[in-house]
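Asks: What follows is a structure written as structure tokens; I'll ask about it next.
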Amino acid sequence: MRKSGQIVLFNFPQTNQVYGEPRPALLIGRFPGRYDDWLICMISSQIRHYVEGFDEIITKMLLISHVLG
């Protein structure tokens, strides 16, 4: 059973609509309704593709401060 906060792998389609490799994502929350639709946050280690004002780089210190509040 899936729940918010889990890291999952899913096949994210490439721009040409061909199935891509499994990619990691964080499950944020399930949409209401009868379908198993989720709001997700994709995870990448490719920081060279960082887009300022859009992407968020998570560091160990940022993660610790978020957990400790």
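The values are calculated or read from the model by the stated rules, or taken from the named source; none is laboratory data. Note that the structure is predicted; figures quoted are calculated from it, not measured. Positions of Cβ are generated from backbone atoms using ideal geometry, with glycine treated the same way; all protein chains shown enter the neighbour counts.
Asks: For residues that are within 17 Å of PRO13 (Cβ to Cβ) and of a type in the set (D, E, K, R), scanning just segment 23-50, find the one that is surrounded by the fewest Cβ atoms within 10 Å (Cβ to Cβ).
Replies: ASP37
Asks: Moving to a separate point now. I'm trying to understand the selection: among the residues of segment 2-20, which are at pLDDT 80 or above and at positive phi?
Replies: Across segment 2-20, the qualifying residue is only GLY5.
Asks: Further, regarding this structure: Across segment 39-54, what is the number of residues that are within 14 Å of the chain's Cα centre (by Cα), part of a loop (DSSP other than H, G, I, E, B) and either among the hydroxyl-bearing types (Ser, Thr, Tyr) or modelled with pLDDT of 85 or more (or both)?
Replies: 4
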